[in-house]
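Written out below as structure tokens is the structure these notes cover.
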Amino acid sequence: MKKFDPSTSIHDYLVFGEFGDVNPSITDSSTFTFLSPKTMADSFQHEIEGCFLYSRHWNPINKFLSNALARLEDAEAAQVTSSGMGAISSVVLQICSSGDEIVSDRTIYGGTYAFFKNFLPKFGITVKFVDMKKPEMVELAVTEKTKMIYAESVSNPLLDITDIPRISKISKAHNIKLVVDNTFSPMVITPLHLGADIVIHSMTKYINGSSDCVAGCICSSKEFIDSLTDVNSGATMLLGPVLDSLRAASILKNLHTLHIRMKKHGENAMYLAEEFEKLGLKVFYPGLKTNKHYALLNELRNDGFGYSGMLAIDVGTYENASSLMEMMQKENVGYLAVSLGYFKTLFSCPGHSTSSEIPEEEQKAMGLSEGLVRFSIGLDGDITLAFERIRKCMKEIGIL
Ligand code: PLP
């Protein structure tokens, strides 16, 4: 497997602003002038280096951010979008037409699940949900109508690890695109090195890291990214999930600290996971030696960025989970909030929030208990303090 350091790759991307500014200038324009009508007409036919047409298509700061994201994922090209769902829906609608099928892991973000299950049938696209941990199920589900296999590298919320190399063997054998959502593990996993064709992020999470905006991106071959922006047939061009340039500029700045943040999120999560395990709790964290995916993640991950900052514990019942979360917020462990990748710890109960779109019996089948509490561990300087506070809450509620 290729040895790759995404942080150096991003760091080595040198961009000067218009006036030599250390941060590239923000393009505060929806449209761009041309010196001749001919160049304008030509730019509708093909990309002209250094020439911009209209901000829904491309603008300079979105291009700078996209180039940096391509470096993060070691992709030929990338494109930013106004949300993670904007990225997912654009990729799906670019690849699939009426009558086509998608084979998807069943353990995925609830919004993606709802889009696949409830929305895509309106366009005649069918999604077969399988347990991606069993590649033989993927093989069985593929037909000649299958155009895409979809999975999350670290699944939301159970933190299962997808065996991307194994799944990619199946996708390649059938000439199907393998699309991987890498939202939970930027820098930790580089799916394109493992056989994925397209990588998606909700940049709302770790990549931006300050929970102040919603954004997404798509990283892939230049050919695929160009197809998305085609003025006649491109999904991002025609559906229009364009990222605002002010946001693109702020995300680009945050991207440069991602490696430090991922490392610290991972260290803090590892400490808590180990302490929770010592307390006898049921812990889901793929960085634990006892976790069923530990060996696989070690095979797949890049060195030096840990095992991600997401962890979950099962406290048995929804009542326990609710009391614990309320009390942890009062004790300043973090916030009772959905989302992840923020500098403070966030926690929620997926069965009743971010995975509530998945029917109860499906949740049970995938092992999502109603007492599951998902944590996005923050950047606390002293994580032992958070642990002591959580332990105190657990004792008072009677979980310990
Ligand atoms: N993918 C994953 C794994 C997510 O957790 C989310 C949102 O929580 C999304 C995609 C959707 O991203 P956004 O909220 O930026 O549209």
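The values are calculated or read from the model by the stated rules, or taken from the named source; none is laboratory data. Keep in mind it's a predicted model, so treat the numbers as computed, not measured. Cβ coordinates were reconstructed from backbone atoms using ideal geometry, including for glycine residues, and neighbour counts include every protein chain displayed. Please note that ligands, DNA and RNA were not included when accessible areas were found on the heavy atoms of the full protein model with its side chains. Shrake-Rupley method; radii C 1.70, N 1.55, O 1.52, S 1.80 Å.
A few points about this structure:
- Within the stretch 213-226, considering residues that are buried (at least 24 other Cβ atoms within 10 Å of the Cβ) and of a type in the set (A, V, I, L, M), the one farthest from the ligand (Cβ to nearest atom): Ile218
- Leading residue by the ranking (nearest to the ligand (Cβ to nearest atom)) among those in the stretch 231-254 that are more than 17 Å from Ser89 (Cβ to Cβ) and open to solvent by 20 Å² or more (accessible area, probe 1.4 Å): Arg247
- Note on the stretch 256-289: residues that are open to solvent by less than 10 Å² (accessible area, probe 1.4 Å), out of contact with any Gly (no Cβ under 9 Å at 6 or more places or on another chain) and either among the aliphatic types (A, V, I, L, M) or in a loop (DSSP other than H, G, I, E, B) (or both) total 4.
- For the stretch 197-212, the set of residues classified as among the hydroxyl-bearing types (Ser, Thr, Tyr) and near the ligand (Cβ under 10 Å from one of its atoms) consists of Ser202, Thr204, listed by residue number.
- Which numbered condition Met137 fails, given (1) open to solvent by less than 20 Å² (accessible area, probe 1.4 Å); (2) of a type outside the set (D, E, K, R); (3) more than 16 Å from the ligand (Cβ to nearest atom); (4) within 18 Å of Pro165 (Cα to Cα): (1)
- Filter result (of a type in the set (A, V, I, L, M) and away from the ligand (no atom under 16 Å from the Cβ)) within the stretch 183-196: Leu192, Leu194
- Within the stretch 107-134, the set of residues being open to solvent by less than 60 Å² (accessible area, probe 1.4 Å) and farther than 30 Å from Ser308 by Cα comprises Leu120, Gly124, Ile125.
- Single residue of the stretch 172-182 satisfying the filter (open to solvent by less than 10 Å² (accessible area, probe 1.4 Å) and within 13 Å of the ligand (Cβ to nearest atom)) that is nearest to Glu101 (Cα to Cα): Val179
- Residue check, Pro191 touching a residue at least 40 places away in the same chain (Cβ under 8 Å), in the same structural domain as Lys205 (by TED's automatic domain parsing) and open to solvent by less than 10 Å² (accessible area, probe 1.4 Å): yes
- Restricted to the stretch 174-226, and to residues there that are hydroxyl-bearing (Ser, Thr, Tyr) and part of a loop (DSSP other than H, G, I, E, B), the residue that is farthest from Val338 (Cα to Cα) is Ser221.
- Applying the criterion of being basic (Lys, Arg) and under 19 Å from Cys349 (Cβ atoms) to the residues of the stretch 360-395, the residue that is most open to solvent (accessible area, probe 1.4 Å) is Lys364.
- The listed residues are Ser104, Ser98, and the only one of them that is open to solvent by 30 Å² or more (accessible area, probe 1.4 Å) and outside the structural domain of Pro359 (by TED's automatic domain parsing) turns out to be Ser98.
So that you can scan it fast, the table gives a plain yes or no per residue for (1) assigned by TED's automatic domain parsing to the domain that holds Phe387; (2) open to solvent by 60 Å² or more (accessible area, probe 1.4 Å); (3) closer than 25 Å to Ile207 by Cα:
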site	(1), (2), (3)
Gly309	yes, no, yes
Met328	yes, no, no
Glu331	yes, no, no
Leu336	yes, yes, yes
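- 2 or more residues within 12 Å of the ligand (Cβ to nearest atom) and under 26 Å from Thr146 (Cα atoms): qualifying helices (runs of 4 or more DSSP H) within the stretch 42-124: 84-95, 110-114
- Pairs, first over 17 Å from Met366 (Cβ atoms) in the stretch 272-294, second of a type in the set (Val, Ile, Thr) and in a helix (DSSP H, G or I), C-beta under 7 Å, six or more apart: Leu272/Ile383
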